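Below is one structure, written out as structure tokens; the observations come after it.
Each reported figure results from applying straightforward, stated rules to the coordinates on display, with no laboratory input. Not measured: the values here are computed from a predicted model. As a convention, Cβ positions derive from the backbone with ideal geometry for all residues, glycine included, and neighbour counts pool all protein chains shown.
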Amino acid sequence: MVLGQTALQTASSRNRQKTCLILSAGSTVASAPAKRINVDDAMATYLSTVAATWAHKTWLAYNLILNEFRKTCTKEYLDQIDKSDLTAFVVALKKAGQDDRTVANRLAGVVTFLRTHGIANVTPRHKYTEKKVRHTPSKNCVLSMPLRRTKSCRFGNSFLAQDFGGTKSLMPATPTLTSK
């Protein structure tokens with residue numbers, strides 16, 4: 001250290017020297033390839049993170065999804081994965097007899113894994129039609145029964161409407177016993 005310089009000034013001058021060396025080296029430093037991530041290593045890291053932060057069922061789901069994807073993906077590094085690999089995964093799932101909703105969910109799991117590692121240019125969509133759930137009321141289902149316009153409550157202490165003067169009240173009905 002030069003007499004009269006502080007440690008901060010010395011560190012700052014060293015950083016300037018390093019910057020000058022890097023800039024003078026030119027394209028040799030800039031063309032150095034980034035470290036490539038192996039697909040198997042990335043899967044292991046991702047699954048350990050999921051195991052540490054999410055529920056066990058979530059880990060089981062991602063483990064199944066990523067292992068199925070790995071069976072169809074023959075690439076060694078993450079940066080090699082493209083849209084064709086995901087399309088091959090979809091085709092393999094369809095050949096295995098999976099429904100469209102299952103294929104879409106598993107594809108979303110793989111895309112989530114890839115986006116976690118910075119690969120965002122592969123986002124295929126798998127279309128599916130949602131099933132329309134039709135509610136069929138049972139005999140004992142109080143909520144599905146129509147509101148009755150009576151002055152007595154047939155179902156005890158429930159939230160059925162009572163009619164006192166032509167308007168429906170949504171207040172809890174007072175239990176009254178009726179004889180039949």
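The residue among ILE81, PHE69, HIS56 whose Cα reaches farthest toward the positive pole of the charge dipole of the stretch 39-116, with charges on the beta-carbon of Lys, Arg, Asp and Glu, is HIS56. Computed from the Cβ-Cβ distance with R0 of 30 Å, the FRET efficiency linking LYS35 to LYS95 stands at 0.25.
Between TRP54 and THR102, the simple spin-label model (points 7 angstrom out along Cα→Cβ) gives 1.9 nm. Below 13 angstrom from the Cβ of ARG70, what's the summed charge of the other residues (Lys, Arg +1; Asp, Glu -1)? Once all neighbours under 13 Å are counted, the net charge is -2. Stretching the chain fully between THR112 and ARG70 yields a gain of 13.6 nm (0.36 nm per residue, less the alpha carbon separation).
Percentage of Cα-Cα pair distances in the stretch 39-116 greater than 22 Å, rounded to whole percent? That tail contains 20 percent of the Cα-Cα pairs. Pairs of Cα atoms nearer than 8 Å and 6+ residues apart set the relative contact order; for the stretch 39-116 it is 31 percent.
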